[in-house]
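Take a look at the structure set out below.
What follows is calculated from the coordinates using simple rules that are stated; it is not laboratory data. Quantities reported herein were computed from a predicted structural model and do not represent experimental measurements. In this analysis, Cβ positions are derived from the backbone assuming ideal geometry, glycine residues included, and neighbour counts consider all displayed protein chains.
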Amino acid sequence: MLTGACFCKAVKYRVLADSALQGLCYCTDCQIVGGSSHWVSYAVAPSDFRLVEGSLKAYAYDSASGREVVRCFCDHCGTQIKVESTALDVVSVNGMTLDDAARFSPQLTYFSASAPRWCEVDNTLAKFEEMG
Ligand SMILES: [Zn+2]
Ligand SMILES: [Zn+2]
């Protein structure tokens, strides 16, 4: 089991299973929302994510792939905690908010073609053009 928290610590959560899909998402949505070249995705089944403290504010929209995506933020400090896709039955947890961030180890990249020019993508990782 892993634990994590937002920047202000109002939101605390648990992840009950180890992720079999740890990836870096370079899609432009993740870039804008996170202010970074990529999102650090610790993906697990929705039933393996438990909110322990605090509350999340959800922002739902249709992604470029046409699937509804829900981005969930701490309603106090705004840290993005997770991204959900019901269609894909997955919750992508913000790997940088894990209490032990060293548990994150990327195996794949999503949408690496949209990585910024100045950003070095690790081409030894498996590439997916699907959501992260
Ligand atoms: Zn917070
Ligand atoms: Zn993304």
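Here Val11 passes the criteria (1) closer than 27 Å to Val121 by Cα; (2) surrounded by 19 or more Cβ atoms within 10 Å (Cβ to Cβ) except the one numbered (1).
What number of residues within region 93-127 are within 14 Å of Ala43 (Cα to Cα) and in contact with a Phe, Trp or Tyr (Cβ under 7 Å, 6 or more places away or on another chain)? Within region 93-127, residues that are within 14 Å of Ala43 (Cα to Cα) and in contact with a Phe, Trp or Tyr (Cβ under 7 Å, 6 or more places away or on another chain) number 7.
The condition of being in contact with a helix residue (DSSP H, G or I) (Cβ under 6 Å, 6 or more places away or on another chain), of a type in the set (A, V, I, L, M, F, W, C) and part of a strand (DSSP E or B) does not hold for Val70.
Scanning region 28-43 for residues that are assigned to a helix (DSSP H, G or I) and β-branched (Val, Ile, Thr) gives Thr28, Ile32, Val33.
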